[in-house]
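Q: Supplied in structure tokens, the structure appears directly below.
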Amino acid sequence: MSSTRLVTVLGAVVRHQRHLRDLSQRQLAALAGVDQAAVARFERGERATTVPVLERLLAAMDVQLVIGVEPLDAHLDARIDDLAARPIAERIDGLNVNRLLDRLTDFPQVITGCAAALLQGAPVPVDALEIALRWQDAKLFTRWLETNYGQRWDARWGEFGGVWLEPEEPGEHFWSTRYGEIRATMCDELPETIEVRHGGRSYQVVPLVELELSDPRAAELLRRYRGRQSASGS
């Protein structure tokens, strides 16, 4: 694991623990006796902190760091193995996809990215419903976000909120809503899809072969999954 990767992981750990306790960065900084700007930079993975400062941040939240080693990116392999052992219906429930799709009725969209791969049977980790959405429907999507308490991901601060909702504004196309998190791929025309069915419900998804050509994240996870299949002889 490179130092950059380690800083990113540690920053994410601190951010996750802070969110669990409903603390702002300013509140955590005050509890730990450090500068709020330093907490923000660390959570964003922009700057490493010293071990004593990291320990103070964690201790302020009544947790401590446990050190271990594992093969590179082993957490991804473990997650893939865990998902592969679960029925696909359980994987779909974990993504909360049906609840979101039942409410995304104001504009056409299709499922893409890792979410599309999961619906086609690939046990790849998914952190949000991923949809392809036309630019011409961006204003409809913005109104939907406003109605459903949407907050856009602010990469600068490493949290949701504080930036414009509109897809036209600069920033990552990633939002939290009252029904779950959504990543969007904005495009001029929706990509070609295939239909898959689970539990009596149909889903329009971008096919795996297209994901491997156009979506680097999904393609990498699909390669890892197939590599593990080959290694296990399945």
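Q: (1) surrounded by fewer than 12 Cβ atoms within 10 Å (Cβ to Cβ); (2) of a type outside the set (D, E, K, R); (3) under 26 Å from Ala122 (Cα atoms): which one isn't true of Pro170, the others all being true?
A: Unmet for Pro170, out of (1) surrounded by fewer than 12 Cβ atoms within 10 Å (Cβ to Cβ); (2) of a type outside the set (D, E, K, R); (3) under 26 Å from Ala122 (Cα atoms): (3).
Q: If you don't mind, there's one more thing I want to ask. Cβ-Cβ distance below 7 Å, separation of 6 or more or different chains: which pairs start in the stretch 181-196 with a residue that is at pLDDT 95 or above and end on one that is among the β-branched types (Val, Ile, Thr) and surrounded by fewer than 17 Cβ atoms within 10 Å (Cβ to Cβ)?
A: From the stretch 181-196, no pairs qualify.
Q: While we're here: Residue under question is Val34, and the condition is that it be in contact (Cβ under 8 Å) with a residue 40 or more places away in the chain and either surrounded by 13 or more Cβ atoms within 10 Å (Cβ to Cβ) or in a helix (DSSP H, G or I) (or both); does it hold?
A: On the way: in contact (Cβ under 8 Å) with a residue 40 or more places away in the chain: no; either surrounded by 13 or more Cβ atoms within 10 Å (Cβ to Cβ) or in a helix (DSSP H, G or I) (or both): yes.
In short, no.
Q: Going by the structure shown, is Ala78 free of Cβ contacts under 8 Å to residues at least 24 places away in the same chain, within 17 Å of Tyr225 (Cβ to Cβ) and out of contact with any Ser or Thr (no Cβ under 7 Å at 6 or more places or on another chain)? Before the answer, list the steps.
A: Details: free of Cβ contacts under 8 Å to residues at least 24 places away in the same chain: yes; within 17 Å of Tyr225 (Cβ to Cβ): yes; out of contact with any Ser or Thr (no Cβ under 7 Å at 6 or more places or on another chain): yes.
Against the criterion (free of Cβ contacts under 8 Å to residues at least 24 places away in the same chain, within 17 Å of Tyr225 (Cβ to Cβ) and out of contact with any Ser or Thr (no Cβ under 7 Å at 6 or more places or on another chain)), Ala78 qualifies.
Q: Yes or no: the stretch 163-176 includes at least one residue that is under 15 Å from Val97 (Cβ atoms) and touching a helix residue (DSSP H, G or I) at 6+ places or on another chain (Cβ under 7 Å).
A: First, pick out the residues of the stretch 163-176 that are under 15 Å from Val97 (Cβ atoms): none.
The answer is no, given that none of the residues of the stretch 163-176 is under 15 Å from Val97 (Cβ atoms) and touching a helix residue (DSSP H, G or I) at 6+ places or on another chain (Cβ under 7 Å).
Q: Across the stretch 83-93, which residue is surrounded by the fewest Cβ atoms within 10 Å (Cβ to Cβ) among those that are touching a residue at least 12 places away in the same chain (Cβ under 8 Å) and not aliphatic (A, V, I, L, M)?
A: Within the stretch 83-93, the match that is surrounded by the fewest Cβ atoms within 10 Å (Cβ to Cβ) is Arg86.
Q: Assigned by TED's automatic domain parsing to the domain that holds Asp102, in a strand (DSSP E or B) and under 24 Å from His16 (Cβ atoms) - does that describe any residue in the stretch 137-148?
A: No.
Q: When residues of the stretch 37-61 are filtered for being exposed (fewer than 13 other Cβ atoms within 10 Å of the Cβ) and either in the same structural domain as Glu159 (by TED's automatic domain parsing) or among the hydroxyl-bearing types (Ser, Thr, Tyr) (or both), how many remain?
A: Of the residues in that region, 1 qualify.
Q: Identify the residue in the stretch 123-162 that is touching a residue at least 60 places away in the same chain (Cβ under 8 Å) and in contact with a Cys (Cβ under 9 Å, 6 or more places away or on another chain) and, among all such residues, is nearest to Arg178 (Cα to Cα). Before you say what the answer is, go through the steps one by one.
A: Of all residues in the stretch 123-162, those touching a residue at least 60 places away in the same chain (Cβ under 8 Å) come to 123-125, 132, 155-159.
Cutting the leftovers down to in contact with a Cys (Cβ under 9 Å, 6 or more places away or on another chain) gives us 124-125, 132.
Values: Val124: 24, Pro125: 22, Ala132: 20 Å.
Among them, the one singled out is Ala132.
Q: Now a separate question. Take Arg152 and decide whether it is outside any strand (DSSP E or B) and out of contact with any His (no Cβ under 7 Å at 6 or more places or on another chain). Give the steps one after another, and end with the answer.
A: On the way: outside any strand (DSSP E or B): no; out of contact with any His (no Cβ under 7 Å at 6 or more places or on another chain): yes.
So Arg152 does not fit the description; no.
Q: Here is a further query. Going through the stretch 156-167 one residue at a time, which ones are surrounded by 14 or more Cβ atoms within 10 Å (Cβ to Cβ) and part of a loop (DSSP other than H, G, I, E, B)? Spell out how you get there, then give the answer.
A: Initial filter on the stretch 156-167 (surrounded by 14 or more Cβ atoms within 10 Å (Cβ to Cβ)): 157-160, 163, 165-167.
Hits for the stretch 156-167 are Trp157, Gly158, Val163, Leu165, Glu166, Pro167.
Q: Here's another thing I want to ask about it. For the stretch 81-124, enumerate the residues that are charged (D, E, K, R) and farther than 15 Å from Gly227 by Cβ.
A: We begin by selecting, within the stretch 81-124, every residue charged (D, E, K, R); these are 81-82, 86, 90-91, 93, 99, 102-103, 106.
Within the stretch 81-124, Asp82, Arg86, Glu90, Arg91, Asp93, Arg99, Asp102, Arg103, Asp106 qualify.
Q: Out of Thr112, Thr142, report the one residue that is of a type in the set (S, T, N, Q) and within 21 Å of Glu212 (Cβ to Cβ).
A: Values: Thr142 fails: within 21 Å of Glu212 (Cβ to Cβ).
Unique residue meeting the criteria: Thr112.
The values are calculated or read from the model by the stated rules, or taken from the named source; none is laboratory data. If you're wondering where the values come from, they're calculated on a predicted model, not measured in any experiment. Backbone-built Cβ (ideal geometry, glycine too); neighbour counts: all protein chains shown.
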